[in-house]
1. Keeping to the stretch 234-250, report how many residues are open to solvent by 20 Å² or more (accessible area, probe 1.4 Å) and not in a loop (DSSP other than H, G, I, E, B).
2. How many residues, within the stretch 136-153, are touching a helix residue (DSSP H, G or I) at 6+ places or on another chain (Cβ under 9 Å) and hydrophobic (A, V, I, L, M, F, W, C)?
3. If I filter the stretch 42-54 for residues that are at pLDDT 85 or above, over 60 Å from the mean Cα position of the chain (by Cα) and either surrounded by fewer than 10 Cβ atoms within 10 Å (Cβ to Cβ) or not in a helix (DSSP H, G or I) (or both), do I get at least one hit?
4. With in a helix (DSSP H, G or I), of a type in the set (S, T, Y) and at pLDDT below 75 as the only criterion, which of T114, T105 stands out?
5. Any residue in the stretch 28-45 that is among the acidic types (D, E), free of Cβ contacts under 8 Å to residues at least 12 places away in the same chain and out of contact with any His (no Cβ under 6 Å at 6 or more places or on another chain)?
6. Kindly provide the set of residues from the stretch 223-232 that are surrounded by fewer than 17 Cβ atoms within 10 Å (Cβ to Cβ) and either closer than 13 Å to T211 by Cα or under 60 Å from the mean Cα position of the chain (by Cα) (or both), ordered by number.
7. If we keep just the residues of the stretch 251-271 that are out of contact with any Gly (no Cβ under 8 Å at 6 or more places or on another chain) and in a loop (DSSP other than H, G, I, E, B), which is surrounded by the most Cβ atoms within 10 Å (Cβ to Cβ)?
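The values are calculated or read from the model by the stated rules, or taken from the named source; none is laboratory data. Source: prediction; values computed, not measured. A quick note on method: Cβ atoms are made from the backbone with ideal geometry, for glycine too, and the neighbour counts reach across all protein chains shown. Protein only, heavy atoms only, side chains kept; ligands, DNA and RNA dropped before computing areas. Shrake-Rupley method; radii C 1.70, N 1.55, O 1.52, S 1.80 Å.
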Amino acid sequence: MANLNGNPNATLTLAIRQLELTDPAHPNTWNPQLQTLINNDAVLDRRVRALEGDSSLLARVAALEAINAGSRLTALEGLNAGTRLTTLEGAQSVLTGRVSSLESTVVPLDGRVTALENWRTGIDDGSGKVPWTAISGKPAQFPPAAHTHPTSEVTGLDTALNNLSTQISDHQSATDPHPQYLNQARGDARYTRTQASAAPAAVTPGASPFTYTNSDPNPAALIVQGGTVGKLEYSRDGTTFYDLGVTAGLIYLASGDRLRITYTAAPTLTTIPL
């Protein structure tokens with residue numbers, strides 16, 4: 001009777017076909033299944049032998065156990081564990097300091113939280129609104145009675161008023177037509193003489209109508225008297241003239257102002273520097 005022999009070079013098979021009730025009861029049905037199982041045994045046997053080599057597997061395990069594990073452990077223990085431990089202890093000290101610092105910060109924070117809670121408790125009447133009695137610095141009644149406040153109670157008001165006063169003074173000085181003889185820095189239209197030592201001088205009138213122009217940079221007054229004068233007219237620009245309604249008198253002229261004199265007999269003219 002022939003045997004089924006295992007093939008050590010076959011492929012390891014992890015599954016074989018399950019026999020069914022409908023399979024014929026014949027060696028051709030069973031032998032292929034048995035051959036696969038025997039081949040698996042042969043393959044596994046080959047692999048075990050390859051691992052064992054010339055010696056048995058037990059001998060190899062003994063050789064591995066013979067390695068000087070104790071010496072290796074001693075070498076590992078010989079690493080500078082002391083220095084590393086000192087480093088770790090230093091880090092622990094730093095962490096301890098940080099924890100202490102955080103704790104010292106938490107203490108005042110805890111006090112502030114308590115103060116806020118006490119304040120909330122003092123003003124909370126359960127309505128969700130701040131009661132009138134909890135407001136400090138409030139007027140005696142509401143709406144407040146009519147009252148006044150000094151400027152010192154309004155932050156920055158005195159400084160703003162002083163600056164405004166200066167700006168007004170500067171504006172008046174800039175717009176006044178005669179800044180050269182302002183009597184005060186605030187430009188309040190009170191003037192002082194700028195040519196007190198200058199003497200009056202006679203002016204010879206030309207043909208009628210004669211126009212006198214104050215060409216001095218300072219103001220002057222012109223006295224018109226005598227003669228037969230029909231009209232005195234004032235002009236700022238030399239084009240538009242205004243009838244003064246008089247025929248004699250002392251006429252004030254700023255620098256560049258003009259006085260036109262219409263006459264049939266020449267009057268006496270005298271200029272007075274101011």
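1. 5
2. 1
3. So far as the stretch 42-54 goes, no, none of its residues is at pLDDT 85 or above, over 60 Å from the mean Cα position of the chain (by Cα) and either surrounded by fewer than 10 Cβ atoms within 10 Å (Cβ to Cβ) or not in a helix (DSSP H, G or I) (or both).
4. It is T105.
5. Checked against the condition, which is being among the acidic types (D, E), free of Cβ contacts under 8 Å to residues at least 12 places away in the same chain and out of contact with any His (no Cβ under 6 Å at 6 or more places or on another chain), the stretch 28-45 yields no hits at all.
6. Within the stretch 223-232, just K231 meets the criteria.
7. Residues of the stretch 251-271 that are out of contact with any Gly (no Cβ under 8 Å at 6 or more places or on another chain), as a first pass: 251-257, 259-261, 269-271.
Checking which are in a loop (DSSP other than H, G, I, E, B) leaves us with 254-257.
Numbers: A254: 14, S255: 15, G256: 15, D257: 20.
Out of the qualifying residues, it is D257.
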